[in-house]
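Report on the structure given below.
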Amino acid sequence: MIFKGNQVTQDLVLKPDVCIVGSGPGGSMAASRLSAQGAKVVVLEEGGYHQKDEFDMQEATAFPRLYQDRGNRATADLSIAVLQGRAVGGGTVVNWTTSYRTPDDVINRWRDEGSILTPALLKPHFDEVEQRLGIQKVDYDDTNANNRSLYDGCKKLGWQVDTTRRNVRGCLRTGYCGMGCPVDAKQSAALTYLPDAIAKGADLYADCRVTRIDWNGKRAQAVIGVVLDPASGQYTGRTIRVEPKVIVVSGGALNSPALLLRSGIRQGPVGEKTWLHPVVAVGAMYKSRIEGFYGAPQSVASHHFAHRDPGAGFFMEVAPTHPMITGIAMPGFGAPLRSRMALLPHLASCISLMIDGFHGDQGGTVSLRPDGGPRLDYPFNEVHYECFREGMKAMARAHLANGAESITTFHATPLVLTKESDLAQIDHAPLGPNLFAAFTAHQMGGCRMGSDPKTSVVNPQLRHHSLENLFVADGSVFPTSLGVNPMESIYGISSWAAQHIHAALS
Amino acid sequence: MTSRRGLLKKTLGGAVLLAAAGAVPLALRKTRLRALAPGRALLFFTPAEYSVWAAVADRILDRNATYITQEHNDGPPLPAAVLVEAAEKRKTAPTPVAIDLTGKADAFLAPLDAASAKDLKQLLALFDSALFSLVTGGPPRPFTQQEPAEQDAQLKAWQTSRLAIRRTGYQAMKRLCCAIYYGSPETYASIGYPGPPYDLVKSVMK
């Protein structure tokens, strides 16, 4: 069953086989697999349980309700805005449906860290995930003008580009994936693996913020959560204490390391090497109406620059242009801001995602805020700036090739570029924290897997190096970023890890 | 709004300036107070903080350019018809006051954790400090007492400051102002956004 916070009217002590913290792709998959093998599973989720009738396609409703820190999560200096889901189903409720397997070269690279994963080991798991979630490649004719502008521009330049694969069934292409699918077309965890688990006897407690894990010696003993009121988000005074045989931490790449830190489980580099696929964007203005707020929000990607050497690789995708997120990102204030926003229907939005973790870059660090939540620091260096500049230039080239009237960068003082010779201005525009707009929608690392307890938090089977009945199953175990959108990788690796988690029950 | 811990601790002399502000006449220059929207009771801001935020929102979302913003008005070249259409829509844009932006900000910020709330309140105090304005090259008046062009100059100075912490402060205010403003359906028409496709969704839900 699923219990909301207001249904928990007394303090609870539960003693299942497995307690899973978090219900995103990692936690939902673990819950499904372990329940199917007969284990009694309890899932604790801090976010609320929301269904399609509540998804009103308004950003002002969706972001406070469905995102971490009510849509305001960011690095400590605000230089990177962090889009991260918070709901039953986690990020799968609000992501833009882009579904990729982990690239083979990334899986193989992780073996340098002691990972035992191989493409062949993961293949059956990805096969099953794709079948369960209805993952299929998008037809070009089903892309919107926002995405087609990147596709067509890349084609004209002879660059690699393709449509993406999406986890949808019966998609209306409304464009509102990021606010919760109003027609249940998106096959989120809340519609797939979590119901699968519940059908096999799992219980899920929404609105339950896990404050700590109690442990002693080599064993984790209990998970302690406080219950939140679904309407106000405030603590109700009720607690849930779970005393399972095995604990699976699946809170995502920022919350999982923060939970370990709050619990004093500090063995290894907890919170270190956090990867974000840092995003920079440009806006392309077209004569024609683009209406990037409608249509499948992300259906085209170019990995043409994914394997640059020297320099960190990046890939290019598309972001929807709904008013609130565009207004937040759009540089400047006053009349110039208003002028750019007034042209919203003509705006195509292109994003470049840096593939971090492969060029000696150290990524970010998760530590604890005074309130116990995750504090994220992610310092930029010249590896980032070089990649950001090249990403901006590539995006500008693609759109100019496609006939855009102008390109606007998201520097504090934006550049307006209309021709190839203008692109050199990008090399001279100042870059630094909060001197340009940067985002992340892909958080990875922080509880990295590996064979060496000094350089990793969990072992190659995702079991904690020190606590024998504690596992981590989410994107935090990735030793590097991926170079592709992470949802399917998290599902697949959690599916693979479930056998090891189950073995620990005995 | 959760990430400005130690904002003033990191600000160049920020704490010292605030302490000193109590001993100099400049500190006596008070925030120009604004009236609350009818029926609105404050949950997070003090009346002074409410007034600072309202003054900031007015400039962030002003419809007309001052010379400060005009010189950066690098609007994208597009066919005249498109620009005319956009300009006409812009005229219909509601003011921040009309959508009770600061009241909505107050409600949004109410659940903020204590440390972040303290940081944000310190930011607003510093931003409206006549003394801090003076020592950073601005007029010797609180932000709320400045002329629009002076206010734009202060915002621009914070936006592009060499001090990273001032840029953080600017972003904290700018982002939430824009999030509330452009997240309000009353503003959609002014930017040519038709709103969510409710009819399409209803057509399949029947």
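The values are calculated or read from the model by the stated rules, or taken from the named source; none is laboratory data. All of these numbers come straight from a predicted model, not from anything done at the bench. Methodologically, a virtual Cβ is constructed for each residue, glycine included, from the backbone with ideal geometry; neighbour enumeration extends over all protein chains shown. For accessibility, only protein heavy atoms count, side chains too; no ligands or nucleic acids. Shrake-Rupley method; radii C 1.70, N 1.55, O 1.52, S 1.80 Å.
Before moving on, here are some points about what is shown:
- Residue pairs, from the table A:Lys4/A:Lys200; B:Lys30/B:Lys156; A:Lys155/A:Lys419; A:Lys123/A:Lys200; A:Lys156/A:Lys186; A:Lys218/A:Lys273, whose Cα atoms sit over 27 Å apart: A:Lys156/A:Lys186
- Built amide H within the under 5 Å cut-off of A:Leu204, gap 5+: A:Ile2, A:Phe3, A:Val43
- Shown in residue order for segment A:288-295 are the 3J(HN,Hα) couplings computed by the Karplus curve 6.51 cos²θ - 1.76 cosθ + 1.60 at θ = phi - 60°: 7, 6, 9, 6, x, 7, 10, x Hz (x for Gly and Pro).
- Using only the C-alpha atoms, the convex hull of segment A:311-421 corresponds to 145 Å³ per residue.
- Each semi-axis of the equivalent ellipsoid for chain A is √(5λ) with λ an eigenvalue of the Cα gyration tensor; in descending order they amount to 37, 24, 21 Å.
- Extended-chain gain in nm, criterion 0.36 nm per residue less alpha-carbon gap, A:Thr236 and A:His500: 91.4 nm
- Whether segment A:343-406 is rounded, prolate or oblate, judged on the alpha carbon gyration tensor where a/c under 1.5 counts as rounded: oblate
- Two-site FRET efficiency, A:Gln267 against B:Leu42, from Cβ-Cβ distance with R₀ of 35 Å, rounded to 0.05: 0.15
- Computed from Cα positions, the angle between helix A:119-133 and the longest principal axis of chain A comes to roughly 80 degrees.
- By the equivalent-ellipsoid construction on the alpha carbon gyration tensor, segment B:143-187 comes out with semi-axes of 22, 15, 7 Å, ordered largest to smallest.
- The mean number of partner chain beta-carbon atoms within 10 angstrom of a residue's beta-carbon across peptide A:317-323 is 3.
- Between the amide H of A:Asn469 and those of A:Ala220, distances stay under 5 Å, these residues lying 5 or more places away or on another chain, with hydrogens modeled in the peptide plane.
- Förster-model FRET efficiency, 25 Å R0, A:Asp422 and B:Ala80, C-beta, rounded to 0.05: 0.70
- Taking a point 7 Å out from the Cα of A:Leu157 in the direction of its Cβ, the residues of segment A:295-326 whose backbone N falls within less than 18 Å of it are A:299-319.
- Placing a pseudo-label 7 Å from each Cα along the Cα-to-Cβ vector at A:Ile116 and A:Lys15 gives an inter-label distance of 3.2 nm.
- Karplus (6.51, -1.76, 1.60) ³J(HN,Hα), θ = phi - 60°, over segment A:212-218, in Hz, Gly and Pro reported as x: 6, 10, 8, 8, 8, x, 9
- Inter-part distance where segment A:205-233 and segment A:429-466 are each reduced to a Cα centre, Å: 23 Å
- For segment B:192-206 versus segment A:108-176, the inter-centroid distance based on Cα atoms is 27 Å.
- Peptide A:410-417 - average C-beta neighbours from other chains (10 Å radius): 3
- Only Cα pairs under 8 Å and 6+ residues apart enter the sum, and on that basis the relative contact order of chain A stands at 24 percent.
- Where the Cα pairs of segment A:1-115 fall when distances are cut into 5 Å bins, in %: 2, 9, 14, 17, 16, 18, 13, 7, 3, 1, 0
- Rg/Rg_ref, segment A:420-506, where Rg_ref = 2.2 N^0.38 Å and atoms are Cα: 1.57
- For A:Asp53, the solvent-accessible surface with a 1.4 Å probe is about 140 Å², rounded to the nearest 10.
- Inverse mean reciprocal Cα-Cα distance (Kirkwood Rh) of segment A:126-260, Å: 18.9 Å
- FRET efficiency for B:Asn64 and A:His307, using Cβ-Cβ distance with R0 set to 45 Å, rounded to 0.05: 0.40
- In nm, spacing of pseudo-spin labels at A:Asp141 and A:Asp104 (7 Å Cα→C-beta vector): 3.3 nm
- Counting heavy atoms of the protein chains alone, B:Phe108 has an accessible area of about 40 Å² for a 1.4 Å probe.
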